Amino acid sequence: MAIDYFADQPSPSEIHDRMKGYASWFEIDLDSLGHNLKEIRDRVGVEVMPVVKNNAYGHGLLPVVAYLSRESMEWFMVAKLKEAVAIRDAGIPGHVVSMDAMFSEGQFREVVDKGITQVVYTREVADTLNEVAGRMGKEAETFVKVDTGLRRVGVPHSEAADLIEHVHNLPNVSVRGIFSTFMQNPDQDPVMLQRLLSVDEELRERGVQVELRSMASSDAIFHNPTAWLDMVRPGMSLYGVYPEKKDAASGLELRQVLTFKARIEHTKWVEEGDSVTYWGRFVAPRRMRIGTLHIGFYDGVPREMANVGRIKVDGVYKSSLGSVSLNHYLMDLADVDASVGDVVEVIGREDENSLFSTAETAGWMVYSLMNHLNPFTPRVYMEKGEPVALLDLRAMQ
Ligand SMILES: Cc1ncc(COP(=O)(O)O)c(C=O)c1O
């Protein structure tokens, strides 16, 4: 039976109370997530499989999946079996496609037992899945990964029709879809798409009908409509990040879902010439007021943000000061009204300190930034400006 994830959450006032003690938290705006989903769905008009791997790109797996399920999403894609199991154990309906590598009998049993859709691309894995499912008296679903030129994983496209026909004919396994990943190279991508379509054509000639063919992640959702096929697989765009800066003008409007907030832990005055933080990375040019936040690269702030972070406080942006510590990040508080306990925005939605700009400043891919946010930093989920869910994992176990 489907469980309402949000019904089990603390009330908004309880969440507000808990937040009073938080030194920092990620705020996840579910309305923005819903907005991005609608924009993508309206544009493509085909099945959408949200990519929620790596803790939903740092946004928190279960609340994000529960919300997307409420918005009638029926397919989810994860990288790790444990993510698929977590979704299943939470009672969230829909198909969960797991791309995890499979080594042990226990993994196969878990896939079958929990009704997870397993990615396969070798006969060995398909046959083992078939055998385990048979022993358990169940049927297992698969998605077959085709290597159309990325040469990472997947059955080589020249052998794909044979493998897919073989899996299709196994008694305890069904093929729900086939998919491939682009190189994101404008010269190579059309060739890769053609390779997947040829596999599908060959299968049809052999009387094997595959229901879902998928090639497009965010990049192709924006740049390659011919690749939308039956299903698209958005990751970063769903979380409100454009594949390229210029895509903001493409007519598909995204809203960044995540912001990073912190409370000022401590304030002090430093004198002209005083150095601040390890290696004296910042030296005060004059007497100035500074603040310390209880965050750092523990939470996912890149160490490259030394002296160049932009932190919003009291309606203005101020610079970070000195090196980024594991748990401390210092900032300029000159001429602003800010005291201990006040909330500042370390990653916001505006250009000055958005996910995209922060990544660019640090010399990181925005993808890396999102995927390095510590799961143990609390996450607060907002809907219509009110907190509706809280994810506050215990790091000590
Ligand atoms: C197979 C697959 N499809 C789709 C995506 C989503 O990619 P993007 O975040 O660029 O939309 C990923 C993410 O790495 C992926 O592994």
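The values are calculated or read from the model by the stated rules, or taken from the named source; none is laboratory data. Small disclaimer: the values here were computed from a predicted structure and weren't measured. Every residue, glycine as well, gets a Cβ built from its backbone with ideal geometry; the counts of neighbours run over all protein chains shown.
Please verify whether the stretch 355-362 includes one or more residues that are surrounded by fewer than 17 Cβ atoms within 10 Å (Cβ to Cβ), away from the ligand (no atom under 16 Å from the Cβ), of a type in the set (Ser, Thr, Tyr) and at pLDDT 95 or above. Looking through the stretch 355-362, at least one residue is surrounded by fewer than 17 Cβ atoms within 10 Å (Cβ to Cβ), away from the ligand (no atom under 16 Å from the Cβ), of a type in the set (Ser, Thr, Tyr) and at pLDDT 95 or above.
Of all residues in the stretch 290-305, those being over 21 Å from the mean Cα position of the chain (by Cα), crowded, with 21+ Cβ neighbours inside 10 Å and in a loop (DSSP other than H, G, I, E, B) number 1.
Applying a threshold of 8 Å to beta carbon distances and a minimum spacing of six or more residues, or different chains, the list of pairs starting in the stretch 80-98 at a residue that is closer than 18 Å to residue 375 by Cα and assigned by TED's automatic domain parsing to the domain that holds residue 176 and ending at one that is of a type in the set (D, E, K, R) and not in a loop (DSSP other than H, G, I, E, B) reads 80/53; 81/110; 83/53; 84/114; 85/110; 85/114. Restricting 226, 181 to residues that are more than 13 Å from the ligand (Cβ to nearest atom), of a type in the set (Ser, Thr, Tyr) and out of contact with any His (no Cβ under 9 Å at 6 or more places or on another chain) narrows the list to 226.
Can you pull out every residue in the stretch 353-380 that is within 16 Å of residue 304 (Cβ to Cβ) and among the hydrophobic types (A, V, I, L, M, F, W, C)? Those that are within 16 Å of residue 304 (Cβ to Cβ) and among the hydrophobic types (A, V, I, L, M, F, W, C): 355, 356, 359, 362, 364, 365, 366, 369, 370, 373. The strands (runs of 3 or more DSSP E) located wholly in the stretch 1-109 that include 1 or more residues which are out of contact with any Asp or Glu (no Cβ under 8 Å at 6 or more places or on another chain), more than 14 Å from the ligand (Cβ to nearest atom) and not β-branched (Val, Ile, Thr) occupy 24-29.
Here the condition is being at pLDDT 95 or above, at negative phi and touching a strand residue (DSSP E or B) at 6+ places or on another chain (Cβ under 8 Å); of 180, 218, 198, it holds for 180 alone. In the stretch 192-206, the condition of being β-branched (Val, Ile, Thr) and surrounded by fewer than 21 Cβ atoms within 10 Å (Cβ to Cβ) is met by no residue. For the stretch 149-176, the tally of residues that are touching a Phe, Trp or Tyr at 6+ places or on another chain (Cβ under 8 Å) and without any contact (Cβ under 8 Å) to a residue 60 or more places away in the chain stands at 6. Scanning the stretch 226-255 for residues being assigned to a helix (DSSP H, G or I) and surrounded by 21 or more Cβ atoms within 10 Å (Cβ to Cβ) gives a total of 1.
Scanning the stretch 150-186 for residues that are surrounded by fewer than 17 Cβ atoms within 10 Å (Cβ to Cβ), small (Gly, Ala, Ser) and under 31 Å from the mean Cα position of the chain (by Cα) yields one hit, 174. Residue under question is residue 394, and the condition is that it be touching a residue at least 60 places away in the same chain (Cβ under 8 Å) and among the basic types (Lys, Arg); does it hold? So residue 394 fails the test.
Among residues of the stretch 42-54 that are over 18 Å from residue 97 (Cα atoms), those with a Cβ under 7 angstrom from a residue that is within 12 Å of the ligand (Cβ to nearest atom) and part of a strand (DSSP E or B), sequence gap 6+ or separate chain, pair up as 44/232.
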